[in-house]
Every structure is written in structure tokens, then in C-alpha cells.
Amino acid sequence: MNPKILLRIAAFLILFHAVGHTFGMQTRKNIQDPPAKALIQTMSEVKVPMMGELTNRSYDDFYYGMGIALSLALFSITILLWILGGVAVSNPQNAKNLLYPILFNLSGLAVIEFVYFFPLPAWTSTLSAVCIAITLIRLGKK
């Protein structure tokens with residue numbers, strides 16, 4: 001498989017991850033389990049001191065904000081991978097230089113997802129990282 005196709009596959013995998021993550025963040029409060037509902041309510045109500053002051057933000061605000069930040073990062077990585085699919089054909093060295101930090105990011109994300117979250121996003125990040133690693137190997141031979 002050529003580098004362009006591998007990077008487009010990686011882009012679609014991360015797009016799937018981004019859409020799933022964003023949907024999950026938007027629907028996180030739609031649960032029926034009473035203890036989980038109570039926890040989310042507490043997270044929404046309790047304001048936390050941050051930077052030495054009491055803020056207007058709750059733990060749920062921080063949780064939601066970090067989740068949306070991750071969605072934005074995943075959508076950005078999707079776009080970068082798609083663009084780099086074309087760059088890999090016309091300028092392999094530049095593509096390699098940009099793919100290494102993306103590989104580092106997605107590999108680290110996969111480990112974090114396996115440890116702290118659940119398998120579907122972890123495997124999505126892992127498969128995307130594998131596509132990028134194979135691309136780097138193939139570009140190294142050029």
C-alpha cells in the first residue's frame with residue numbers, strides 16, 4: 001500500500017475517533033444510572049479553586065472543556081494526515097518530518113486510552129499510528 005493511501009486510512013480512523021469522541025462528550029449526561037447521574041450533578045455544581053482563586057468553573061466545565069479541546073485536536077490531526085497524504089507523494093522528506101510528531105502524539109494517546117479509557121478509541125489511535133509508522137518506513141526507502 002502506498003504512503004498516500006496509508007495516510008488517508010489514518011485520517012479516516014482519526015476522523016472516526018473525533019466524531020465518536022465529540023458525540024460522546026455531547027451526550028455524556030444522558031445516562032440512567034443513579035450513582036453516575038449524582039456524580040455528574042456534583043461535578044456540575046461544585047466550583048473549584050483554580051490559580052489561587054475560586055473560579056466560576058466546575059469540574060464538569062473543565063472535563064467538558066478538555067474533551068472539546070481533544071475533539072479539536074483530533075479533527076486537526078485528521079486534516080493534517082489528509083494533507084500529508086498528498087505531501088508524501090510530492091515531498092517525502094517534509095512529510096516524514098511532520099509525521100514523526102504526529103506518530104508520537106497518537107502513540108501516546110493510544111497508551112493513555114488503553115490505561116484510562118476504553119478499547120475502541122485506543123485501538124483507533126493504535127491503528128492510525130501503525131499506518132503512520134508503515135508510511136514512515138516506506139518513505140525511508142525512497
| message | From the list ALA122, ALA95, ALA110, exactly one residue is closer than 24 Å to ILE137 by Cα and in contact with a Phe, Trp or Tyr (Cβ under 6 Å, 6 or more places away or on another chain). Which is it? | response | ALA122
| query | Which condition breaks for ILE132 when tested against (1) surrounded by 19 or more Cβ atoms within 10 Å (Cβ to Cβ); (2) closer than 20 Å to GLY67 by Cα? | reply | (2)
| task | Filter the helices (runs of 4 or more DSSP H) completely within region 29-142 down to those with at least 2 residues that are at pLDDT 95 or above and under 21 Å from the mean Cα position of the chain (by Cα). | result | 59-90, 92-116, 119-140
| task | Scan (1) among the β-branched types (Val, Ile, Thr); (2) buried (at least 19 other Cβ atoms within 10 Å of the Cβ); (3) free of Cβ contacts under 8 Å to residues at least 24 places away in the same chain for the single condition THR124 breaks and write down its number. | result | (3)
| request: Find all pairs meeting these conditions: Cβ atoms under 7 angstrom apart; at least six residues apart or on different chains; first residue within region 92-112 and touching a residue at least 60 places away in the same chain (Cβ under 8 Å); second residue assigned to a helix (DSSP H, G or I) and among the small types (Gly, Ala, Ser). | output: ALA95/ALA88; LEU106/SER125; LEU106/SER128; LEU106/ALA129
| task | Go through GLY65, GLY20 for me and flag whichever is surrounded by fewer than 16 Cβ atoms within 10 Å (Cβ to Cβ) and touching a residue at least 12 places away in the same chain (Cβ under 8 Å). | result | GLY20
| message | Quick test of your reading of the structure: ASP60 fulfils all but one of (1) in contact with a helix residue (DSSP H, G or I) (Cβ under 6 Å, 6 or more places away or on another chain); (2) under 30 Å from ILE9 (Cβ atoms). Name the failing condition by number. | response | (2)
| out of contact with any Leu (no Cβ under 8 Å at 6 or more places or on another chain), crowded, with 19+ Cβ neighbours inside 10 Å and either more than 21 Å from MET1 (Cβ to Cβ) or not polar (S, T, N, Q) (or both) - does that describe any residue in region 92-109? | yes
| message | Take the conditions surrounded by fewer than 12 Cβ atoms within 10 Å (Cβ to Cβ) and within 30 Å of TYR100 (Cα to Cα) and apply them to ALA38. Does it pass? | response | no
| request: For SER76, indicate whether it is surrounded by 14 or more Cβ atoms within 10 Å (Cβ to Cβ) and polar (S, T, N, Q). | output: no
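The values are calculated or read from the model by the stated rules, or taken from the named source; none is laboratory data. Values in this document were obtained by computation on a predicted structure and should not be read as measured data. Cβ sites come from the backbone with ideal geometry, for glycine too, and all protein chains shown count toward neighbours.
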